[in-house]
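Scroll down for the structure; my scribbles are underneath it.
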Amino acid sequence: MSEPILKIRNIESFYGPIMAIRGVSLDVHEGKIVSILGANGAGKTTLMKTVSGVMEPEKGKIMFAGEEIQGLEPHQVVNRGIVQVPEGREVFPLLTVDENLSLGAYTRKDQVGIKRDREMVFDYFPILAERRGQEAGTLSGGQQQMLAIGRGLMGNPKIMLLDEPSLGLSPLLVQQIFGILKRLNDEQGITMMVVEQNASAALELATHGYVMEVGRIVMDGTAESLMKSEDIQNFYLGVQEEGAREERRWKRRKTWR
């Protein structure tokens, strides 16, 4: 197998005195989708911020396309082709759809490429073309998520870091947006690292997955193998909850007898 485009080795990151990431190592190969699973507080967003340069690790290395990037400023990371779509979308509410997309291409100078990528965004998200002159703050939550992804695409990414793209969206919208992410990977070859609490959607999208707990990687494998894992089913796919309900029903039936 070829060398990973993104290689993280033994990263430690802190919020003040609190260690939020504890010796995390993972690989992302070019053209693949990797999902990072875990509950709230597991360290998933901290990992994203560390890769994108918003936070600087205390220890460890981050290699991108063979070059160490830990310690670079966020705009330098973006210039190398790493673009983050943040949790909560974070669109600029008083700017139009078009203006938000233009800000996604802020560091670029290739006007022909910028025009091409804007049209690509509108091809994948036609509703954004219809509302290109509308203020982003007036869009629905799903449309704002589409805009956040579109803005990320305007950075001409070699890899996209997507933080909780399903957050606050209906199941139908989650299915639609994850379908578009899959198409972007298949048709445009965009590598992705996706942080998600929706384990089922994330593993259906990904080729490989990692599970984080309390700042550590506790499990990894192909998406298919993780879907079949009893631990993943119990704690992330809802089987444990259903099993507990069945156990309670059984105990009640025994009591009635």
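The values are calculated or read from the model by the stated rules, or taken from the named source; none is laboratory data. The model shown is predicted, which means the values in this text are computed figures rather than measured ones. FYI the Cβ positions are ideal-geometry reconstructions off the backbone, even for glycines, and counts take in every protein chain you see.
Consider the range 92-116 and keep the residues that are part of a loop (DSSP other than H, G, I, E, B) and of a type in the set (Ser, Thr, Tyr). The one that is surrounded by the fewest Cβ atoms within 10 Å (Cβ to Cβ) is Tyr106.
For Ile149, the criteria (1) touching a residue at least 12 places away in the same chain (Cβ under 8 Å); (2) in the same structural domain as Tyr106 (by TED's automatic domain parsing); (3) over 28 Å from Ile11 (Cβ atoms) hold in every case but one, which is (3).
Regarding the range 128-140, can at least one residue be identified that is closer than 30 Å to Met212 by Cβ and assigned to a loop (DSSP other than H, G, I, E, B)? Checked the range 128-140: no residue is closer than 30 Å to Met212 by Cβ and assigned to a loop (DSSP other than H, G, I, E, B). So, of the residues in the range 50-76 that are within 17 Å of Lys7 (Cα to Cα) and in contact with a Pro (Cβ under 9 Å, 6 or more places away or on another chain), which turns out to be modelled with the lowest pLDDT? Across the range 50-76, the extreme among qualifying residues is Gly71.
The residue of the range 18-29 that is farthest from Glu56 (Cα to Cα), among those that are in contact (Cβ under 8 Å) with a residue 12 or more places away in the chain and out of contact with any Pro (no Cβ under 8 Å at 6 or more places or on another chain), is Leu26. The condition of being hydrophobic (A, V, I, L, M, F, W, C) and in a loop (DSSP other than H, G, I, E, B) holds for only one of Leu161, Leu167, that being Leu167.
Looking only at the range 1-49, residues that are among the small types (Gly, Ala, Ser), within 24 Å of Gly189 (Cα to Cα) and at pLDDT below 95 come to 1 in all.
Would you check if there is a residue in the range 68-87 being without any contact (Cβ under 8 Å) to a residue 40 or more places away in the chain, out of contact with any strand residue (DSSP E or B) (no Cβ under 6 Å at 6 or more places or on another chain) and surrounded by 20 or more Cβ atoms within 10 Å (Cβ to Cβ)? The answer is yes, given that some residue of the range 68-87 is without any contact (Cβ under 8 Å) to a residue 40 or more places away in the chain, out of contact with any strand residue (DSSP E or B) (no Cβ under 6 Å at 6 or more places or on another chain) and surrounded by 20 or more Cβ atoms within 10 Å (Cβ to Cβ). Give the residues of the range 199-222 that are assigned to a helix (DSSP H, G or I), closer than 15 Å to Gly38 by Cβ and aliphatic (A, V, I, L, M), sorted by residue number. Of everything in the range 199-222, those that are assigned to a helix (DSSP H, G or I), closer than 15 Å to Gly38 by Cβ and aliphatic (A, V, I, L, M) turn out to be Ala199, Ala201, Ala202, Leu203. For Val51, the stated conditions do not hold, so it cannot be described as in contact with a Lys or Arg (Cβ under 9 Å, 6 or more places away or on another chain), aliphatic (A, V, I, L, M) and buried (at least 21 other Cβ atoms within 10 Å of the Cβ).
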